[in-house]
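The values are calculated or read from the model by the stated rules, or taken from the named source; none is laboratory data. Predicted model only: the values in this text are computed from it and were never measured. In this analysis, Cβ positions are derived from the backbone assuming ideal geometry, glycine residues included, and neighbour counts consider all displayed protein chains. When the accessible area is computed, the model is the full protein with side chains, heavy atoms only, and any ligands, DNA or RNA have been set aside. Shrake-Rupley method; radii C 1.70, N 1.55, O 1.52, S 1.80 Å.
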Amino acid sequence: MNTENLKTLYQKIVLEHSKHPRHFGELQDSTHIADRDNPLCGDHITVYAQVVEETIQQLQFAGVGCAICLASASMMTEELHGKSCQEAETLSRTFFSMLSLPVDPDSSEMIESLGTLNALGGVRRFPSRIQCARLAWETLGHALGWKE
Ligand code: ZN
């Protein structure tokens, strides 16, 4: 797939997730909850996790946010479902490094372990939106007690 097709595919993935967020809504059986704001954009996200024996059994989110924020939260709930807390933290750190890569906008920097999360890499061209993409993940990290 060439770079232009890949970009279009990525835009579709992000748009689709933002319009139809997965695992949206309060989780009754959650063991860990946190909420955070991104005042620069007006995003507000609450993350609900049900962790059993160090494994994320269920992961949901609620709140309001821009398309990037909602898409990132939605993709996070899909990616981390069933993962161990350690795997989730590792993936989160890889995701954050990918977002802060100083790459040329036209070169698509793929990070294999991130899979479809690479679709959010487009925000690198809009530094003020990086926090939108990070918000749900930071909120989960806060809920699960990851060190910042
Ligand atoms: Zn936002």
Gained length - Arg22 relative to Lys147, 0.36 nm times residue gap less alpha-carbon distance: 42.3 nm
Pop out the carbon and sulfur fraction of the accessible area of the range 3-144 as a percent, whole number, probe 1.4 Å. 51 percent
Distance between the range 1-58 and the range 116-148 - C-alpha centres, whole angstrom: 10 Å
FRET efficiency for Phe126 and Thr3 from the Cβ-Cβ distance with R0 = 25 Å, rounded to 0.05, comes out at 0.85
For Leu15, Leu40, what's the largest-to-smallest order of accessible area, 1.4 Å probe? Leu40, Leu15
Just the number please: accessible area per residue for the range 3-144, 1.4 Å probe, all protein chains included, in Å². 50 Å²
For Val64 and Gln86, what is the calculated FRET efficiency with R₀ set at 30 Å and r taken between the beta-carbons, to the nearest 0.05? 0.45
What order do Val52, Val47, Val64 take when sorted by accessible area (1.4 Å probe), most exposed first? Val64, Val52, Val47
If the viscosity is 0.890 mPa s and the temperature 25 °C, what Stokes-Einstein diffusion coefficient in µm²/s follows for the chain when Rh is the Kirkwood radius over Cα pairs? 161 µm²/s
